[in-house]
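I have placed the structure first, in the form of structure tokens, so that the comments after it can refer back to it.
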Amino acid sequence: MLLWTNPIGMKAFNLTEEFAKASAPLAANQGLYNGFLAAGILWGFLNKDKVHSYATKVFFVTCVVVAALYGAYSVNISILIKQGTPAIIALALILLSAKAQKE
């Protein structure tokens, strides 16, 4: 979000200066969205109430999975692998941890 038009950001995402400047508002929006998702997931991990902690983590990680599915559908299937795989693994681990706590 902050380095999108910076040489570091352009190199990381293989962008031309022209494209980086033209797409900067979209990158800012995406960065803000990702920041909110990260804040929600962190909130879930820091919440002392086990029920609310679990529900918050499941909700926000599921949001990431849905975003990956939509990105794969609307932009490129590789988004499902790059964004969706870590989120699906995280969701599975959250669900498994809840099951383990019940046993």
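Read-outs throughout are calculated quantities, based only on the coordinates presented, and are distinct from any laboratory measurement. In this text the structure is predicted, and so the values were computed from the model without any measurement. Cβ sites come from the backbone with ideal geometry, for glycine too, and all protein chains shown count toward neighbours.
The lysine pair tally for the chain, using Cα distances under 26 Å and a gap of 8 or more places or different chains, is 11.
When the chain is fully extended, how far beyond the present Cα-Cα distance does Ala100 get from Leu32, taking 0.36 nm per residue of separation? List each step's numbers first, then the result.
Values: separation 68, 0.36 × 68 = 24.48 nm, distance 3.40 nm.
That pair, Ala100 and Leu32, stretches by 21.1 nm at full extension.
Modelled spin-label separation between Ala92 and Thr62, with each label point placed 7 Å from Cα along the Cα-to-Cβ direction: 1.9 nm.
Only helices enter this figure: runs of n ≥ 4 DSSP H residues, each worth -39500 (n - 2.57), summed and divided by the residues of the chain, yield -26500 deg cm²/dmol at 222 nm to the nearest 500.
Note on Tyr70/Lys11: beta-carbon distance plugged into 1/(1 + (r/R0)^6) with R0 of 25 Å gives a FRET efficiency of 0.35. May I ask you to derive the FRET efficiency for Ile81 and Lys50 from their Cβ-Cβ distance with R0 = 35 Å, giving the value to the nearest 0.05? Efficiency for this residue pair is about 0.65.
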